[in-house]
Amino acid sequence: MNNSDSKKQAVARAAIDFVEYDDVIGIGTGSTVDFFIDFLKPLKNKISGAVASSLSTQQKLEAHGIRVLDLNDVSDIPIYIDGADEVNNNLQLIKGGGGALTREKIIAGASKKFLCIVDDSKIVDILGKFPLPIEVLPMARSYVAREIIKYKGMPVWREGFITDNSNIILDVNHLEIMEPITLEKELNQIPGVVTVGLFAEREADKVLVSSDNGVIELNK
Ligand code: 5RP
């Protein structure tokens with residue numbers, strides 16, 4: 001296992017301490033979360049079940065025998081656990097590298113606490129070096145791309161990729177996001193945009209960060 005994977009595995013293991021018996025757990029998507037699901041397997045009979053943010057997470061949970069619940073059947077999700085592509089000092093995030101941003105944002109919004117798990121390569125001063133993923137209705141692709149250029153971003157169509165919601169992704173390069181909440185709100189207003197991969201209005205409540213020196217907690 002390479003160093004990056006070792007750090008992802010370490011932070012995923014640390015997140016297990018935040019799982020409480022009988023909880024419903026919201027579960028994100030990505031390679032860090034995949035490690036977390038592996039560590040969750042031995043606890044599968046202690047939790048009430050999991051709400052999955054993507055079909056791939058759902059498949060992995062089911063393969064491990066972890067009960068998957070429909071969000072519509074759940075009224076209380078005490079904790080949502082997910083990775084991120086970038087994290088700033090205010091625990092605001094860029095997410096969607098795996099293309100699951102819409103369901104991730106829904107479950108994060110529906111959960112009491114959002115615990116984000118990352119390795120130290122994801123920590124930044126200013127969000128935007130990682131291309132900002134935006135899920136878009138297919139027929140609005142060119143229009144939304146033209147609107148985004150007005151924000152000095154360079155949108156690139158993630159060709160060949162279709163989201164779990166049958167939409168496309170534009171990855172927006174060259175943004176320096178000084179006001180994440182404002183940008184999130186404004187981009188959300190463009191007709192055809194389904195979800196912006198900025199998690200600023202609903203940021204993480206706590207971030208666990210792993211480095212070569214171990215795992216630390218960042219709190220709001
Ligand atoms: C998926 C995401 C992931 O959380 C993000 O891309 C980080 O992934 P990884 O844990 O593989 O580095 O937002 O849509």
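Let me have the 222 nm mean residue ellipticity of the chain computed from DSSP H runs of 4+ only, each contributing -39500 (n - 2.57), with the sum over all residues rounded to the nearest 500. All intermediate terms of the calculation are to be shown ahead of the outcome.
Working: 6 runs with 60 residues, N = 220.
After summing the helix terms and dividing by the residues of the chain, the value is -8000 deg cm²/dmol.
Set the bar at 26 Å for Cα to Cα. Now go through K150/K185; K7/K150; K95/K220; K46/K95; K44/K206; K7/K95 and name every pair that lies beyond it.
K7/K150; K46/K95
With +1 assigned to the C-beta of every Lys and Arg and -1 to the C-beta of every Asp and Glu, and no other charges, what is the dipole magnitude of segment 97-220 about the Cα centre in debye, to the nearest 20? Kindly include the intermediate steps, with their values, before the conclusion.
Values: 15 positive and 18 negative charges, 73 e Å.
Magnitude of the dipole: close to 340 debye.
Just to be sure I understand the model, the point goes 7 Å from the Cα along the line to the Cβ. What's the resulting L55 to R67 distance in nm?
Computed distance between label sites L55 and R67 equals 2.6 nm.
Which trypsin sites (Lys or Arg not before Pro) does segment 1-62 hold that lie in a coil by DSSP with at most 13 other beta carbons within 10 Å? Let's see the in-between values first.
Values: sites: K7, K8, R13, K44, K46, K60; in loops: K44, K46.
Sites meeting the loop and neighbour criteria: K46.
Take the alpha-carbon centre of segment 56-89, take the same for segment 126-171, and report the distance between them in whole Å.
24
Which parts of segment 59-74 would a label at Y21 reach, counting a residue when its backbone N lies under 19 Å from a point 7 Å out along Cα-to-Cβ?
Zone members listed by number: 67.
Is there a quick way to get the dipole size of the chain? I mean about its Cα centre, with the Cβ of Lys and Arg at +1 and of Asp and Glu at -1; what is the value in debye to the nearest 20? Walk me through the intermediate numbers first.
Details: 24 positive and 32 negative charges, 48 e Å.
It comes to approximately 240 debye.
Given Cα pairs under 8 Å that are at least 6 residues apart, what percent is the relative contact order of the chain? Each step should come with its number before you reach the end.
Details: 487 pairs, mean separation 49.3, N = 220.
Relative contact order of the chain: 22 percent.
Go through segment 163-203 and name the GluC sites (Glu not before Pro) that are in a DSSP coil and have 12 or fewer other Cβ atoms within 10 Å of their Cβ.
Details: sites: E176, E184, E186, E201, E203; in loops: E176, E201, E203.
Those that pass, being in a loop and sparsely packed, are E176.
Check cross-link reach from K152 to the aspartates and glutamates: straight Cα distance under 18 Å, and skip same-chain residues fewer than eight apart.
D171, E176, E179, E184, E186
Starting from the 7 Å offset along Cα-to-Cβ, what nm value, one decimal, do you get for the label separation of K150 and H174?
For the pair K150/H174, the computed spacing is 1.8 nm.
What does the accessible area of V19 come to, in Å² to the nearest 10, when a probe of 1.4 Å is used?
20
If a/c stays under 1.5 just call it rounded; otherwise compare a/b with b/c (prolate if a/b is bigger, oblate if not). Do that for segment 1-97, with a ≥ b ≥ c from the square roots of the Cα gyration tensor eigenvalues.
Numbers: a/c = 1.63, a/b = 1.33, b/c = 1.22.
Because a/c hits 1.5 or more and a/b exceeds b/c, segment 1-97 counts as prolate.
Measuring from label point to label point, each 7 Å out along Cα→Cβ, what is the S6 to I126 span in nm?
3.4
I'd like the chymotrypsin sites (Phe, Trp or Tyr not before Pro) in segment 1-85 restricted to DSSP loop residues with at most 16 other Cβ atoms within 10 Å, sorted by number. Intermediate results must be reported in sequence, preceding the final value.
On the way: sites: F18, Y21, F35, F36, F39, Y80; in loops: Y21.
Qualifying residues, ordered by number: Y21.
Pull out the extension gain between I216 and S75, defined as 0.36 nm times the separation in residues minus the alpha carbon to alpha carbon distance; nm, one decimal.
Details: separation 141, 0.36 × 141 = 50.76 nm, distance 3.10 nm.
Length difference between fully extended and current span is 47.7 nm.
State, as an integer percentage, the relative contact order of segment 128-199 based on alpha-carbon contacts under 8 Å between residues 6 or more apart.
Working: 124 pairs, mean separation 33.4, N = 72.
Relative contact order for segment 128-199 comes out at 46 percent.
The values are calculated or read from the model by the stated rules, or taken from the named source; none is laboratory data. Keep in mind the model is a prediction, meaning the values are calculated, not measured. Glycine also receives a Cβ, built like all others from the backbone with ideal geometry; neighbour counts cover every protein chain displayed. Areas reflect the complete protein model, heavy atoms only, side chains present, ligands, DNA and RNA absent. Shrake-Rupley method; radii C 1.70, N 1.55, O 1.52, S 1.80 Å.
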